[in-house]
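Participant: The structure's right below; bear with me while I get my questions together.
Please treat every number below as a calculation from the coordinates, not as lab data. Model, not experiment: these values are computed from the prediction. Every residue, glycine as well, gets a Cβ built from its backbone with ideal geometry; the counts of neighbours run over all protein chains shown.
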């Protein structure tokens, strides 16, 4: 796994199609019952405790608007408030480098969204709230 994961995480991902990478859970799943795909990459991340649910939802909607311009992906929300970013994979899993690039992009988007909402929250303290 070329995503900064240790060997044990890479082995688990290879066996199960799911791995925990930092604050994110990453998995791949088929979109149909056919053996030859198509597949999706799915990343989930919990709402940071200090971020109110409405701010979290607004941040995900904002990120959705921008992310959908660049690729076939989008955010959704689980019932528990976790964010779910789904991207259709453009290749079958056998192409390791392309798969790693697509998964890396998914994790980068999650990281940017999470860091952005945390920065927004940090900047709002003492300024009358998040705008």
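Participant: In nanometres, what is the gap between the two model label sites at residue 10 and residue 112, each 7 Å from Cα along Cα-to-Cβ?
Facilitator: Label-label distance for residue 10 and residue 112, simple model: 2.6 nm.
Participant: Pick from 69, 118, 89 the residue whose mean-square fluctuation is largest in a GNM of the chain, springs joining Cα atoms under 10 Å.
Facilitator: Checking each option, the largest mean-square fluctuation is seen for 69.
Participant: For the residue pair residue 80 and residue 124, what label-to-label distance in nm results when each label sits 7 Å from Cα along the Cα-to-beta-carbon direction?
Facilitator: According to this spin-label approximation, the distance is 2.4 nm.
Participant: Between residue 29 and residue 61, what length comes free when the chain is fully extended (0.36 nm per residue of separation minus the Cα-Cα distance, one decimal in nm)? Could the numbers behind the result be given before it?
Facilitator: Working: separation 32, 0.36 × 32 = 11.52 nm, distance 2.39 nm.
Computed gain between residue 29 and residue 61 is 9.1 nm.
Participant: Provide 67, 124 in ascending order of the number of other Cβ atoms located within 10 Å of each residue's Cβ, fewest first.
Facilitator: Numbers: 67 21, 124 13.
Fewest to most other Cβ atoms nearby, the residues stand as 124, 67.
Participant: So how far, in whole Å, is the C-alpha centre of the range 1-46 from the one of the range 47-67?
Facilitator: 23
Participant: Using Cα pairs closer than 8 Å and at least 6 residues apart in sequence, work out the relative contact order for the range 7-124, in percent. Show your work: numbers first, answer last.
Facilitator: On the way: 151 pairs, mean separation 26.8, N = 118.
For the range 7-124, the relative contact order is 23 percent.
Participant: Can I ask one more? Order of 33, 111 from fewest to most other C-beta atoms within 10 Å? Spell out each step's value before the answer.
Facilitator: Details: 33 5, 111 16.
Lowest count first: 33, 111.
Participant: Please build a GNM for the chain, connecting alpha carbons under 10 Å apart, and tell me which residue among 85, 103, 77 fluctuates the most.
Facilitator: It is 77.
Participant: From Cα coordinates alone, what are the radius of gyration and Dmax values for the chain in angstrom?
Facilitator: Here Rg and the maximum Cα pair distance are 15.8, 55 Å.
Participant: Using a Förster distance of 22 angstrom, determine the FRET efficiency expected from the C-beta separation of residue 72 and residue 20, and round it to 0.05.
Facilitator: Details: r = 24 Å, r/R0 = 1.11.
It comes to 0.35.
Participant: OK, next. Given the options 63, 41, 71, state which has the largest fluctuation in a GNM of the chain using a 10 Å cut-off (strictly under) for Cα springs.
Facilitator: Greatest mean-square fluctuation among the candidates belongs to 71.
Participant: Do the sum for the chain: with -39,500 (n - 2.57) for every DSSP H run of n ≥ 4, divided by all residues, what is the mean residue ellipticity at 222 nm, to the nearest 500 deg cm²/dmol? Show your work: numbers first, answer last.
Facilitator: Values: 3 runs with 54 residues, N = 131.
Theoretical 222 nm ellipticity from helices: -14000 deg cm²/dmol.
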